[in-house]
Each structure stands twice: as structure tokens, then as C-alpha cells.
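Right, one structure below, let's go through it.
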Amino acid sequence: MITFEHVSVQYADAPAPSLHDVTLEIPEGELVLVVGPTGSGKSTLLRTINGLVPHFSGGTLTGRVAVDGLDTAEHRPRDLATVVGLVEQNPSSTFVTDVVEDEVAYGMETMGLDSTTIRRRVEETLDLFGLTPLRARSLRTLSGGQQQRVAIAALFAAGPRVLVLDEPTSALDPVAAEEVLASLHRIVHDLGVTVVLAEHRLERVVHHADRVVLVEEGRVSELLDPAEAMLRSHIYPPVVGLSRLVGWSPTPLSIRDARRKASSLREALGASAPRPVADLRVIGPADAVDLTGVRVSRGGRVVLDGVDLTVARGSVTTLMGRNGAGKSTLLGAVAAQHRLSGGRVRVGAAGIDPHGRSARERVRTVGLVPQQPELLLYAESVAAECAAADDDFGAPSGTARALLERISGGVDPSVHPRDLSEGQRLELALAVILAGSPEVLLLDEPTRGLDYGAKKRLGEVLTGLAAQGTTVLLATHDVELAAEVADRVVILADGEIVTDGPAREVLASSPAFAPQVTKVLLPQTWLTVAEVAGALARIA
Amino acid sequence: MARLELRPRLQHPAAWWLWGLGLATAASRTTNPVLLLLVVGVCVVVVAERHDPATVNPLPAFLVIGAVIVVFRIVMTALLGNGFVGQTVVVTLPSVPLPDWAASVRIGGTVTLESLLYAAYDALRLAAVLACLGAANALASPRRLLRYLPATLYDVGTAVVVGLTFAPQLLTDARDVRAARTLRGRDGRGVREMARLTVPVLETAFERSLGLAASMESRGYGRSVRSTTTSRRAATGLALAGLVGVLAGLYGLLDSSAGGVLGLPVLVLGALLAGSSLVVGASRDPRSGHRRDRWTWTATTTVLAGAVPAAVLVIASAGGWPGVVPSQQAQLPEVPLLAVLAVLVSATPAWFTPRPREVAP
């Protein structure tokens, strides 16, 4: 269906080619997963399939890419629209119309289908993706998962034989991600559509894949069996990590397969109790953040309703919950980004009211890294950004730079912040905020677009900060990060706190938020591969 | 006859816009405050009953702008005068002496009731026309209207829709960037602070535009669908000429000072041109929109309901009926009963048109 013959892509000014001599043949009706670290050339590979690279992006493509027999050198992306649909990372920025139904119809309108066909296909597609109740809704009012489903439905409706998706679930909560993947599963299995998808959160997708392609520094492997690929890959989900640790063969990819093999491991671990790494942390009195009856309305809708929460000094607390449950708003209320319509907020050992202080005073007590870290960055280079941060926070010059050195694995100071990878950009934003040395650090959805390496480093940074007494409160969908770093998990639903407790208890008992290792080893409550490895080492 | 049950749906946007234009034409022909306030009232009632719940109601914004215009005109007239000399002195402001070459301008001095009333009536007329446009906007968003552009202008229409989304998005971006600035301890409002905001806002907007352009490209925007370049160009040219004609004609109709006689013929000519472009272009371009609203009897009746006050007031102003352009005296203006009835007729679509679709929360 898709043929790559000796394809290389070189962007102008880039030191090395983004893709290097790729030869690949993707057969019809397969779900192919593209795996690789950030910046390895995954997005470039995906965008060559419909010709956006090089027709739209510039750069030089050598070799030949053909889809359904059509050479992308001769056909522009718009002419390939009937054959290939491309779903971008951030669906909300790709919507052309403003109502769900119109968006689904748009592709077919540009193709000049007759109105009876359009009507029929719109109805079928809305049903297939479960969007019928939303058909008259404005796209801006939808949740992230709904938007992603509309984006896929809009492309699917135009009837392409190939769907290409770039990180379709990275911004979604676990349940919404499942919905999106179930839709994809259905169109692959029932309708024979070829799907090529790149995703960082392998734990969500790898068991859906028929084939896996590994990408590393522009070099692309041949089509691999998923289990075999996971043995070779540098990037793997926790269940594969567990399998590598214990030496299961063949490598299980789903929880179900892993559980079948795990009985002996459970027996071996039976005697020892989980001992979290975070036990070393000194957790102070519960006065770092104190919310009493907090109520926030946004756009005429009550988003938070009577939230009471106290957070202990030097602890790491994770806020979890569906998209739109009020997590970001809660962080915003603590950082005085949203006005309270009721209740009170006190932050820091001194118990200051962030809403009653000027921004300059506030940032010394509470720092927030927003969901889009690039909003914080506006200098021309990393070095200038760090200098500006020192100036903003009145810190001695070089503070932010030193923090960045410590947090990141080395960032070139002359690079423009927009050219950094997602992970590096987050690290820079974090360094900027930490330059104010806040007592309480808030992070909103920090793992969006991060690969496992960047995520692991973030986990270490947060653990280190907490050990030094900084209180960390983070909102995330990322169950594995929560398992890695959190002392405590608070689950929000509909603007109210529904569960609040030690991380191990809450994560292990929730079907949606349990990490993979827990799901494999239940009823024992191990959270991470590292914990299991530690216990096995002690037993041996 | 069985009771007429209409399925909840949105009425054809062209019907609402023609209705709004009819009412606006009526408003532009009179300065009678009673009639003008009645027009505004009709707009409010119809919008309250039938506006599209899926979009934000823009009428309040238009009403506020109208109110600002009225207040501004009155204040400016009090300060600067408007060349209208009256007898009833309201107040005498201290006047600023000006040199001879500025003799036609005055600042301060006597403020007469007559000149104030003249200004208020005139500004009220503009406010009423604005209310009519706001009502048309609320009843059928311009995006929905754009879907009825001839098939040959399909891509132009899409570009306009994208533009309409872009401006409000820029505001949201600015708010986000400003909020992010406070996270770095900066909450100043000075010029330098604003300058700092522009770069990230424009950068975000630019990136979004690129993303949207890529998405539109990969979704087939601008494909040629079984038509030759020449025929497409001819049709687009005709359609644009027609649209210009329609706009010029409307202008002529609405603004009595700019040769109202020419208005109607230019409008007809423009409509004919636009119509012929439809025939030329659409015959070769098989593109069709999804779920066009049907033109039903309620749509026709709505247009007629808008045409009644327009016709009555055009005749009234041409025939010089008493009270259509009231004198600026300190007394209640005469109210022409027939005109009042005509304006009231235009409120009837609030009841006989179908209810708008419900939107799930």
C-alpha cells in the first residue's frame, strides 16, 4: 500500500539528514506503529506519506514514496487527499470549520462528492465514532478526546485508504485514549484501512499494533513483529521492562499475556512487601498548600466546586482525572491565574494569599509551569531566555542557566527555544520558573510529547526537588509518571475531589489509573519496574 | 387545518439576512425615535426567540456599540455644536475663543435642545441599523451564509471562514500569553509590556496558521474538481463583479444621500451578474455543500416581513409623511401609525419560524 524506496530527507541548514535511506513496504490493512525517541525523524517519516514533506515543508527528498501506486513526487498532498488522511498532533489547530458536523463534511465537500453521498457518509461516520450526540456542538467546546475523535472522523469520512496519525493519544486521559484507539481498531479490523501511527505512550498502543517500525536518528528498521521489536527497541513500555527483567519469552505486550506468565513472579515476590523509593523523603507539615471550599467558574460554568485540599511540605502530589475534570483550573487557582468565586487559598509556610499579592511577590512562593511551556518562552535564544528569567525573578545572574544545566542533559545555549524538542522546552520552562525558587512548584500536564528518556529525567528532577523541600503538585494523565514520583494521588471528577490518598493505594485500586506493573501483579501492589527489580535483588 | 408543527432546525441564513437588511433599510429612512426604538425592540425580541444557540449571541455587543455612538454624538454636539441653531437653551458652557481662520468651529458656548435632539435622533438611526445587522448576525452567523457562496467561490469562502476564526483566536492567545507573563512575575500594563507580548502572540498565531495550512493542504483544499482553469476564472470574475454590484446597490439603497435612485438598478444588475456566475460556474463544478438549509415558506414569509417596513418607510420618506423625519422641537414627535404597524409586522418571524435546533450540553 505504501512503498518507500531508498528515501532520504535533508532539510536545508540541518547538519544531518532527517531520514536516511529508508526502504519499507507497508501492506494494506495493517496497523503499523512507528517507535522512536523525540527528534528521531518519526514525524518526517509520517509526513512523507502524503507528500507534505517535501511539498509543504521544504527540504530535499531523494528516492521514491508511493501510496496506492501514486508517486508523491508527482502528486501534491491535496491530490492525495482521497488516498491518505493525516491527523496532526494537535487537532484543535487543524480544524477548518467550527461545528462537528461541518468539519466531518468538509473533506468530502472539497472532493466534490454529491450531497446525497456526503449526507450518508456523514451519518455513518458520526455513528462509527460515537459522535452523533455532539454533531451540532462547536468544536471549541469539546474535550481533548472528543476533538481527537472528530479529527480522525473528519479524515476518515473522506474515504482514504490510509490514515496517518501523529501522537493521537498523547494529550488524552487514559479513558479517552482507549476510546480513540477503539475507533482506530474498528476501522482497521472491519474496514481494512491501513493505519500508520507514531506514539510515545507505547503502553497504550503497542498491543494494538500489527507491525512495528523502529526509528533512530533517521534510520528506519524493516517491518518487525511487535514482540520482537520490543526486544530490540530502546524505548519500551513498563510491561516490556518487567518482561526484560524477568526474562519472559516471547515478550508479552498486553496486560493479559503478561498476567498469564506472572504467577511465578508473584510467588517469588509474595514474601516481600513493596518498599517505595520515596520513603527516603522527609515530608513536612501539611501547610504548603491549603485550599478551603475553593470554587471557580469559567465562562459561566462552575469548574471547581467546594474543593478542600491540603498538601504537605516536600511532598509530590499528583492530580488526576478525565480531560476537563478541573485539574488545570485547580492549579490555576493556586497560582492565582483564575479568580476564585468562593473559598480561600493559602500557599507556603507563611500562608500567603496568592490572590492578594502582586505577581512579583507571588512567584517567590508558587511557580506554575503551564500546559504549553512555550508560552513562557519568548527570547531569541536559550541563553537570552535564562538571562531574562534571572532578571524577571531578581535572581543572581546565571541562576537559571545553572538550573538548566542541572535539569537537562545539556542544551545548546544558542538555539532558539522554539527549535528545542518538547522535552528540552519543558526543561527550559522549568528552569525559568525555578529561578524564582518557589516553595511550591505546580506542573500542568508536563509529559505531553515527552519520550521515555525525557520523562525519566523529569521524574528524577521532581524527586530531587522534593528531597530539597520543594512541594510539587502536578496534574497529569500519565499513570506511569505518577507511579514513578507521587507520594499521594488526588483524583478529580466534575470539579470535585473523589479520591485522595497515598499513591500506592489509589493507583492500585483504580481500573483506569493503575500502572501496567500493578495490573500485571495484582493483588500485590507494585507500582514500577524499579521497585520489582529492587525487591528481586533483595531476595537474591 | 391541522396545527402546523415545525421540526426544530435553523432557518435558511439568507432569509434572516434579507429580513435584517429590510429592517435596516426601514431604519435608515427615518429619524423618528419612537420608530427607531421600535426597530431595536423588534431585533431584541426576534433574537431572543430564535437565535442560534450553538454560537455566542453577538447582538448585545452591537447594542452596546450603538449606545456608545448615541452618547458620543450627544457629548460631541454639546461640546462642539453641529451647526444647528435652536431657541431652547439647555445650558451655556464656557466657550473657548478660537482664531479667525477657525471661525466655523466652536468649542463650548450655548447648547440648545434642538441641536442635541438632532444629534440624538441621527445617532439613534445609526444605532438601529447596527442593531439590525447584529440581529442578522445572531440569527444566522455569517459563516453559515458563506456556505451559500456559489461553488466557484468555495475556496474563497473557506478562506474567509478561517479568517473569521483567526481574529478571536488571537485574543485568546493574547490572554494566555499575558497569563504566562504573570507566572514570571510580570503583571505590568505599560507599553513595553505590551510590546513584549506581541512577539509570542504573533509567533503562536503564525505557527497555528502554518499548521492549519498544512492540514487544509492535506485535506484537499484548492483541488480542482473536473473543471478547466478558464471556465473557473470566468465564473469567479462574474461572481465577484456580481457581488460588488450587489454591495454597491445595497449601499445606494441604505444611504439616501448617495443617489438612492441608482441603488435599485445597481442591485438588480449585481444580482443578475452573481446569478449568471452561479450558472456558469456551478454547471461545471460538481461541488456541493453538506446539508444546505432548505428554502421553505417560512423563509419567504420572513423576507416579506422584513420587506414590509422597508417598503412602507421608503414610500413614507419619499412622500414626506408627517413624523418620519420629526422636527427637533421640545415636544414628543408625531408617530405615523402605519409605519409603526409596518415595523411591528417585522417582529412576527419570532413566532412563525421554526425553533432553532437544540444543542446538547
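The values are calculated or read from the model by the stated rules, or taken from the named source; none is laboratory data. None of the values given here were measured: they were computed from a predicted structure. Quick reminder, even Gly has a Cβ in these numbers, built from the backbone with ideal geometry, and neighbours come from all protein chains shown. These area figures cover heavy atoms from the full protein model, side chains too; ligands, DNA and RNA do not enter into them. Shrake-Rupley method; radii C 1.70, N 1.55, O 1.52, S 1.80 Å.
Some notes on this structure:
- The number of residues in segment A:48-69 being open to solvent by 10 Å² or more (accessible area, probe 1.4 Å) and within 21 Å of A:Ile187 (Cβ to Cβ) comes to 1.
- The helices (runs of 4 or more DSSP H) falling completely within segment B:108-205 that include 3 or more residues that are open to solvent by less than 40 Å² (accessible area, probe 1.4 Å) map to B:113-139, B:154-183.
- Of all residues in segment A:367-379 being in contact with a Ser or Thr (Cβ under 9 Å, 6 or more places away or on another chain) and in a helix (DSSP H, G or I), the one that is farthest from the other protein chains (Cβ to nearest Cβ): A:Glu374
- Residue count for segment B:234-261 satisfying the condition of being modelled with pLDDT under 75 and surrounded by fewer than 14 Cβ atoms within 10 Å (Cβ to Cβ): 5.
- Residue in segment A:153-174 that is within 25 Å of B:Pro53 (Cβ to Cβ) and under 25 Å from the mean Cα position of the chain (by Cα) present: yes
- Some residue of segment A:191-199 being surrounded by fewer than 24 Cβ atoms within 10 Å (Cβ to Cβ), within 27 Å of A:Ser243 (Cα to Cα) and among the acidic types (Asp, Glu): yes
- A count restricted to segment A:509-519 and to residues that are hydroxyl-bearing (Ser, Thr, Tyr) and either open to solvent by 40 Å² or more (accessible area, probe 1.4 Å) or over 14 Å from A:Ser254 (Cα atoms) (or both) stands at 2.
- Options B:Ser317, B:Ser288; residue that is buried (at least 17 other Cβ atoms within 10 Å of the Cβ), at pLDDT 80 or above and of a type in the set (S, T, N, Q): B:Ser317
Residues are listed down the side, and each one gets a yes or a no for (1) under 24 Å from A:Ala454 (Cα atoms); (2) open to solvent by 70 Å² or more (accessible area, probe 1.4 Å):
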residue	(1), (2)
A:Met230	yes, no
A:Val239	yes, no
A:Trp248	no, no
A:Arg256	no, yes
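- Flag if A:Gly112 is small (Gly, Ala, Ser), facing chain B (nearest Cβ under 8 Å), surrounded by fewer than 21 Cβ atoms within 10 Å (Cβ to Cβ) and without any contact (Cβ under 8 Å) to a residue 40 or more places away in the chain: yes
- Among the conditions (1) open to solvent by less than 40 Å² (accessible area, probe 1.4 Å); (2) farther than 20 Å from A:Gly41 by Cβ, A:Gly218 misses just one, which is (2).
- Count of residues meeting criterion [more than 12 Å from every other protein chain (Cβ to nearest Cβ) and at pLDDT below 70] in segment B:139-151: 1
- Test: residue in segment A:424-433 that is within 20 Å of the chain's Cα centre (by Cα) and among the basic types (Lys, Arg): yes
- Flag if A:Ile497 is modelled with pLDDT under 90, of a type in the set (A, V, I, L, M, F, W, C) and open to solvent by 40 Å² or more (accessible area, probe 1.4 Å): no
- The residue that is nearest to the other protein chains (Cβ to nearest Cβ), counting only those in segment A:60-99 that are in contact (Cβ under 8 Å) with a residue 40 or more places away in the chain and in a helix (DSSP H, G or I), is A:Thr94.
- Selection count where residues are among the acidic types (Asp, Glu) and open to solvent by less than 60 Å² (accessible area, probe 1.4 Å), scope segment B:31-80: 1
- Which numbered condition A:Leu403 misses (of (1) closer than 19 Å to A:Thr470 by Cβ; (2) within 9 Å of chain B (Cβ to nearest Cβ); (3) in contact with a helix residue (DSSP H, G or I) (Cβ under 6 Å, 6 or more places away or on another chain)): (2)
- As for segment A:169-182, it holds no residue that is within 14 Å of chain B (Cβ to nearest Cβ), in contact with a strand residue (DSSP E or B) (Cβ under 9 Å, 6 or more places away or on another chain) and open to solvent by less than 20 Å² (accessible area, probe 1.4 Å).
- Of all the listed residues (A:Leu481, A:Leu473, A:Leu522), the sole one being under 18 Å from A:Leu269 (Cα atoms) and either of a type in the set (A, V, I, L, M) or open to solvent by 40 Å² or more (accessible area, probe 1.4 Å) (or both) is A:Leu522.
- Residue in segment B:8-21 that is in contact with a Leu (Cβ under 8 Å, 6 or more places away or on another chain) and either without any contact (Cβ under 8 Å) to a residue 24 or more places away in the chain or among the charged types (D, E, K, R) (or both) present: no
- In the condition set (1) closer than 26 Å to A:Ala493 by Cα; (2) open to solvent by 10 Å² or more (accessible area, probe 1.4 Å), A:Gln148 is compliant with all but (2).
- Condition broken by B:Leu272, with the remaining ones in (1) within 14 Å of another protein chain (Cβ to nearest Cβ); (2) open to solvent by 50 Å² or more (accessible area, probe 1.4 Å); (3) modelled with pLDDT of 75 or more satisfied: (1)
- Scope segment A:117-140; condition more than 9 Å from chain B (Cβ to nearest Cβ) and of a type in the set (S, T, N, Q); matching residues: A:Thr117, A:Thr125, A:Thr132
- Count of residues meeting criterion [open to solvent by 60 Å² or more (accessible area, probe 1.4 Å) and in a loop (DSSP other than H, G, I, E, B)] in segment A:291-319: 3
- Checked against the criterion of being within 14 Å of chain B (Cβ to nearest Cβ), within 23 Å of the chain's Cα centre (by Cα), surrounded by 17 or more Cβ atoms within 10 Å (Cβ to Cβ) and not in a helix (DSSP H, G or I), segment A:344-366 contains not a single residue that satisfies it.
- Filtered residues of segment A:421-437 (kept if assigned to a loop (DSSP other than H, G, I, E, B) and crowded, with 23+ Cβ neighbours inside 10 Å): A:Ala435, A:Gly436
- Single unsatisfied condition, A:Leu24 versus (1) assigned to a strand (DSSP E or B); (2) without any contact (Cβ under 8 Å) to a residue 12 or more places away in the chain: (2)
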